[in-house]
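Here is the structure we will look at.
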Amino acid sequence: MGKIDATNQILIQALSCASKGVMIQDVNRKVVFFNHACEEITKWPKKEIVGKDCGDIFKCHTSTGMCLTEKFCPGMEIFQGRISQASRELLIKRGDGSEVWVEASTSAIRDSRGKVTHIVTIVENVSERKKFSDEVLRLKTLSTLGAFTAELAHEIKNPLNAMHIQMALLEREIRDISRVGEKAKKELLDTVSVVQKELIRLSGFVEECLHFSKTGELNKSYVDIHEILNEIVSLLTPQAQLNGIQVELEFHSALPKIKADRDKIKQAMLNIMINGVEAMPDGGTLRVGVKRNENGSPRRRQA
């Protein structure tokens, strides 16, 4: 009996010290175990959680505010026998009033007869991962949309120009036809005028599409390349670590600011570093550094 108690004590200590959140609930969805990592992630102290319904505390919901407490709660689905385990991303309320995205992986705990008596949920903060994914999606969407609008604009612009020229020729011919009555001529000219106005309007729309698809003028200012790279690394590190990649920064001291378009250079460097992460599926080290070149200006290098 003493050996079993000692084993249970070791298991409890191991769960309490685990780096990921571990929460155990009974059939009434009351929390019976809540480790330190869960406290760190949720900002709720253990004493305020144990014995309470997790749904009343965390108010699990989506980014649109749809509540997941009952209908879509993975724990409830397990207790009701619909599934035996589940993994979902949930947006929860934290003890400090903020919200955080977590990945909750829930499994059933059964007794000797196979009846579900408890559920155990592994909780992980995935906010940084989602932030990275959203940023990558935004960049790819802008790139795709830009290419599409450029192609669309060119496909429309040439026919519009041809139509505009033909309408100008038609207008000139109508004015030269002496046998056409003044009333009929006016009606024809009014029709031509309406068409020409619409063509001008469409041409303006096409020009706007072309302007959007181009990089446009650079909005240059003096920027701190060190600061930009730190922002990128903060964004990239969570995803890199999931792939077993360590990101290292190397800087020379007293680097001057450089004149550049901050948003565009940040996007360019992020794209390069994402390619570096994707090129190392088995893990590795991504080294990014900045040093002066021979004439004293900063030079970025990547390995």
**Request:** Enumerate the pairs (first residue in the stretch 265-284 and in contact (Cβ under 8 Å) with a residue 40 or more places away in the chain and more than 17 Å from V223 (Cβ to Cβ); second residue anywhere and part of a helix (DSSP H, G or I) and open to solvent by less than 50 Å² (accessible area, probe 1.4 Å)) with beta-carbon separation below 6 Å, excluding pairs fewer than 6 apart on the same chain, so at least 6 apart or on different chains.
**Result:** M273/L236; V277/A240
**Request:** Name every residue in the stretch 34-62 that is open to solvent by 60 Å² or more (accessible area, probe 1.4 Å), within 15 Å of E103 (Cα to Cα) and out of contact with any strand residue (DSSP E or B) (no Cβ under 6 Å at 6 or more places or on another chain), in order of residue number.
**Result:** E40
**Complete:** Condition set touching a Gly at 6+ places or on another chain (Cβ under 8 Å) and buried (at least 16 other Cβ atoms within 10 Å of the Cβ), scope the stretch 63-87, selection modelled with the lowest pLDDT: answer is T69
**Prompt:** Which condition number does A147 fail, the rest of (1) aliphatic (A, V, I, L, M); (2) at pLDDT below 70; (3) open to solvent by 100 Å² or more (accessible area, probe 1.4 Å) being met?
**Reply:** (3)
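Could you tell me whether any residue of the stretch 211-223 is among the aliphatic types (A, V, I, L, M), modelled with pLDDT under 85 and either farther than 30 Å from I156 by Cβ or assigned to a loop (DSSP other than H, G, I, E, B) (or both)?
As a first pass, look at the stretch 211-223 and keep what is among the aliphatic types (A, V, I, L, M): 218, 223.
Now restrict to residues that are modelled with pLDDT under 85: 218.
Of the ones still in play, those that are also either farther than 30 Å from I156 by Cβ or assigned to a loop (DSSP other than H, G, I, E, B) (or both) are 218.
Within the stretch 211-223 (the criterion being among the aliphatic types (A, V, I, L, M), modelled with pLDDT under 85 and either farther than 30 Å from I156 by Cβ or assigned to a loop (DSSP other than H, G, I, E, B) (or both)), the answer is yes, since at least one residue qualifies.
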**Item:** Odd one out for R287, checked against (1) of a type in the set (K, R); (2) at pLDDT 85 or above; (3) exposed (fewer than 13 other Cβ atoms within 10 Å of the Cβ)
**Value:** (3)
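Assigned to a strand (DSSP E or B) and either modelled with pLDDT under 75 or surrounded by 13 or more Cβ atoms within 10 Å (Cβ to Cβ) (or both), is that true of V233?
On the way: assigned to a strand (DSSP E or B): no; either modelled with pLDDT under 75 or surrounded by 13 or more Cβ atoms within 10 Å (Cβ to Cβ) (or both): yes.
No, not satisfied.
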**Request:** Note down all Cβ pairs under 8 Å where the first residue falls in the stretch 12-29 and is at negative phi, the second is outside any strand (DSSP E or B) and surrounded by fewer than 14 Cβ atoms within 10 Å (Cβ to Cβ), and they're at least six residues apart or on different chains.
**Result:** G21/E40
**Conditions (1) under 23 Å from S127 (Cβ atoms); (2) modelled with pLDDT under 80: number failed by K59** = (2)
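Being under 17 Å from K30 (Cβ atoms) and either loosely packed, with under 13 Cβ neighbours inside 10 Å or not hydroxyl-bearing (S, T, Y) (or both) is the filter here; which residues of the stretch 93-114 pass it? Lay out the reasoning, then the answer.
Taking the stretch 93-114 first, the residues under 17 Å from K30 (Cβ atoms) are 104, 106, 108-109.
Within the stretch 93-114, A104, A108, I109 meet the criteria.
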**Message:** Being at pLDDT below 85, on the phi > 0 side of the Ramachandran plot and either of a type in the set (F, W, Y) or not in a helix (DSSP H, G or I) (or both): is that true of G51 here?
**Reply:** no
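The values are calculated or read from the model by the stated rules, or taken from the named source; none is laboratory data. These numbers come from a predicted model, not from an experiment. Note: ideal-geometry Cβ built from the backbone for every residue, glycine included; neighbour counts use all protein chains shown. Just the protein is used for accessible areas: all its heavy atoms, side chains included, with ligands, DNA and RNA removed. Shrake-Rupley method; radii C 1.70, N 1.55, O 1.52, S 1.80 Å.
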